[in-house]
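Reading through the structure tokens given below for one structure.
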């Protein structure tokens, strides 16, 4: 039971009910026209009826299985005061001498559906345990356009000569990285380097 909270235990009970109903309908020869699931757990109904919120792994897995085994509209709320199962948690045991609600269900089940407990004003989502809701993570994405020599570098120079000098020094640096032993260490550019830079700029 470690790590199980009351809302999780109640959700487990709902899942057991959905599994049991599925087994009964599959194994019996009875054709059911409708199926209804009753629980007094508002938190469980908030999870089961929710189709947009992302929950923790435990709650999300239980929710997914319940929704796959039953229709969301089949789940309804039974007030605690008329919930037969609630009596067992309070030390009340069924009376076998006469029909007990534990065996026959609450009296309203014998009434037409419109006489059943109303759910029009119920806000089950407010009963969901906040710790079961996954936190929204915002991811920022930045796109950077590819570097273009003619668009991002060459137009930054205010004269053709300054551009040639920069390109010549840049080409010497590239050659230095490739083979530093065969690159001149002179602090001045050679005529050949300037012509090579001019040729490259024209080709671009």
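Taking the fewest neighbouring Cβ atoms within 10 Å as the starting point, the ordered list for 193, 114, 119 is 114, 119, 193. Both radii are taken from the alpha-carbon atoms of the range 53-126; with Rh as the Kirkwood radius, Rg/Rh is 1.05. The ranking of 153, 124 from fewest to most other beta carbons within 10 Å of each one's beta carbon is 153, 124. Across the range 20-79, the convex hull enclosing all Cα atoms gives 92 Å³ per residue.
Solvent-free Debye calculation, one equal scatterer per alpha-carbon of the chain: log10 I(q)/I(0) at 0.07 Å⁻¹ equals -0.48. Taking the 0 to 90 degree range and rounding to the nearest ten, how far is the long axis of helix 160-178 tilted relative to the main principal axis of the chain, both from C-alpha atoms? It is inclined by approximately 70 degrees. Compute the helix-to-body angle for 57-69: its Cα long axis versus the longest principal axis of the chain, expressed 0 to 90° and rounded to tens. So the inclination is approximately 60 degrees. Across the range 149-203, Cα pairs under 8 Å and at least six residues apart give a relative contact order of 41 percent.
Does the range 149-203 classify as rounded, prolate or oblate by the C-alpha gyration tensor (a ≥ b ≥ c root eigenvalues; a/c under 1.5 gives rounded; else a/b over b/c gives prolate, otherwise oblate)? Note, shape of the range 149-203 comes out prolate. Over the chain, Cα pairs under 8 Å with separation of 6+ residues give a relative contact order of 20 percent.
Length gained on full extension, residue 95 to residue 158, computed as 0.36 nm times the residue gap minus the Cα-Cα distance: 12.7 nm.
Between the helical axis of 6-27 and the longest alpha-carbon principal axis of the chain there is an angle of about 70 degrees. Among 89, 190, 80, the largest mean-square fluctuation in a Gaussian network model of the chain (Cα springs under 10 Å) belongs to 190. Full extension of the chain between residue 33 and residue 186 yields a length gain of 45.6 nm, computed as 0.36 nm times the residue separation minus the alpha carbon distance.
Between residue 166 and residue 6, residue separation times 0.36 nm minus the direct Cα-Cα distance comes to 50.4 nm. Rounded to the nearest 0.05, the FRET efficiency derived from the C-beta distance between residue 102 and residue 136 at R0 = 45 Å is 0.55. For the residues 144, 183, 104, a GNM of the chain with alpha-carbon springs under 10 Å puts the largest fluctuation on 183.
When 66, 133 are sorted by how many other C-beta atoms sit within 10 angstrom of their C-beta, beginning with the fewest, the order is 133, 66.
Quick note: the coordinates plus some simple rules give every number you see, no bench work behind them. Computed from a predicted structure; not experimentally measured. Cβ coordinates were reconstructed from backbone atoms using ideal geometry, including for glycine residues, and neighbour counts include every protein chain displayed.
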